[in-house]
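The values are calculated or read from the model by the stated rules, or taken from the named source; none is laboratory data. It should be emphasised that the depicted structure is a prediction, and the values quoted were computed from it without experimental measurement. Every residue, glycine among them, receives a Cβ derived from its backbone with ideal geometry; neighbour counts consider all protein chains shown. To get the accessible areas, we keep the full protein, side chains included, count just its heavy atoms, and leave off ligands, DNA and RNA. Shrake-Rupley method; radii C 1.70, N 1.55, O 1.52, S 1.80 Å.
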Amino acid sequence: MSKKILILPGDGIGPEIVTEAVKVLATLRDEQGLDIEMDEALVGGAAIDATGGPLPDATLDLAKEADAILLGAVGGHKWESLDISIRPEKGLLGLRSELNLFANLRPAILYPQLADASTLKPEVVSGLDIMIVRELTGGIYFGQPRGVRELDNGERQGYNTLVYSESEVDRIARVAFDIAMKRGKRLCSVDKANVLECTEMWREVVTKVAEEHPEVELSHMYVDNAAMQLVKWPKQFDVMVTTNMFGDILSDCAAMLTGSIGMLPSASLDENSKGMYEPIHGSAPDIAGQGVANPLATILSVAMMLRYSLDKPAMAERIEAAVNKVLDDGLRTPDIMSDGMTEVSCEGMGDAIVAVL
Ligand code: IPM
Ligand code: MG
């Protein structure tokens, strides 16, 4: 039976990069027998403009029916003055939470061809291959109570709640240990157990799960130190597992080690490997519509989709090999451009990948 893929272009550069990724999916469908049906829907600012809300019921229904979702990006200056409860980002957070996509995999891999695109010294980043496992449906992003209240003295007070139940920590820890088993068998759990009770418990639960994975070497690190170690000597890490907010921050940091955030894909999975796939960069409204965005993170997200939700690892490898080939051929979008290379547009990069496929 053919698999249903829901395409959510979103805002800013989202539609441009998703167009290129859809070309890749269509090529695999038409020429290599990938049995998929694609449908498209609105999310984020585009959905607010059309329907008044960032996650229309119609989109959520299609998302629930789909086997996998490809998302571009959401958000932009246009919607920044809206109340936080109905901003574009709520569309993304709503999808994550409604679909129970608790496991967010964010690989940070340095393509050797881009070693000089990083602001860090080549010897620090060459060969870099880290997997950040970010908890995605809990923690301070979703904790209640939350809001802004007025105190008796008339002053406003903002508050959010960092909350994790043991089962939430247990299930994300298991995902991380499983991934570590398939890689370098080293897992670093990142917390702030010296200050936050919630993450002290996080540490205890992860340590407990470790008993079932004796082959994996587990370490713990406070998040401030982890941020420092990521820029000091990132190759010390294999797999990292952390909370929703710490993972948000550390994954942007890890992304820059690789030279451009425009290269990094992500997968957000539920218990049954249904997933939403998206580049980890945002909607970049400053360059939207100019055709200069890098579509490779989105195309590599399609590779993750093939691997994790569609059980087509060989096709995933073909896409990854195609990305390597176009980089070897010297093709670069502006974000990764360097001397002697050939600058291409977003569309030019997508076409080049399709040609290699
Ligand atoms: C990310 C983004 C999102 C997040 C925003 C757009 C809500 O920064 O996926 O990392 O904070 O999770
Ligand atoms: Mg982020």
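Residue-level check: of (1) over 17 Å from the mean Cα position of the chain (by Cα); (2) closer than 22 Å to L162 by Cα; (3) surrounded by 20 or more Cβ atoms within 10 Å (Cβ to Cβ), E204 misses just (3). Checked against (1) under 19 Å from L101 (Cβ atoms); (2) more than 11 Å from ligand 1 (Cβ to nearest atom); (3) of a type outside the set (G, A, S); (4) modelled with pLDDT under 95, I280 meets all criteria but (2).
On inspection, S268 passes the criterion of being within 15 Å of L70 (Cα to Cα) and buried (at least 19 other Cβ atoms within 10 Å of the Cβ).
For region 98-114, a tally of residues being assigned to a loop (DSSP other than H, G, I, E, B) and touching a Gly at 6+ places or on another chain (Cβ under 6 Å) returns 0. Of the residues making up region 187-231, those that are farther than 12 Å from F177 by Cβ and without any contact (Cβ under 8 Å) to a residue 12 or more places away in the chain are V195, E197, E200, E204, N225, M228, Q229. For region 239-264, a residue qualifies if it is open to solvent by 10 Å² or more (accessible area, probe 1.4 Å), over 22 Å from I336 (Cα atoms) and in contact with a Gly (Cβ under 9 Å, 6 or more places away or on another chain), and the qualifying residues are M245, F246. Of all residue pairs spaced 6 or more apart or on separate chains, none has beta-carbon atoms under 7 Å together with a first member in region 39-65 that is not assigned by TED's automatic domain parsing to the domain that holds D83 and a second member that is polar (S, T, N, Q). Scanning region 97-112 for residues that are open to solvent by 40 Å² or more (accessible area, probe 1.4 Å) and away from ligand 1 (no atom under 14 Å from the Cβ) gives E98, N100, I109, P112. All of M256, M240, M221 fail the test of being at pLDDT below 95 and either touching a strand residue (DSSP E or B) at 6+ places or on another chain (Cβ under 8 Å) or within 16 Å of R106 (Cα to Cα) (or both), apart from M256.
Of all residues in region 321-336, those satisfying the criterion of being modelled with pLDDT of 95 or more and either buried (at least 19 other Cβ atoms within 10 Å of the Cβ) or aliphatic (A, V, I, L, M) (or both) are A321, A322, V323, V326, L327, L331, R332, T333. Looking across R106, R87, R96, one residue alone is within 16 Å of ligand 2 (Cβ to nearest atom) and touching a Leu at 6+ places or on another chain (Cβ under 6 Å). It is R96. List every residue pair whose Cβ atoms lie under 6 Å apart, where the two residues are 6 or more positions apart in sequence or sit on different chains, the first residue falls within region 241-265 and is in contact (Cβ under 8 Å) with a residue 60 or more places away in the chain, and the second residue, located anywhere, is of a type in the set (D, E, K, R) and within 13 Å of ligand 1 (Cβ to nearest atom). Sorted first by the residue in region 241-265, then by its partner, the pairs are T243/E135; N244/E135; G247/R134; S251/R106. Within 20 Å of the chain's Cα centre (by Cα), of a type in the set (S, T, N, Q) and at pLDDT below 95: does that describe N272? So N272 passes the test.
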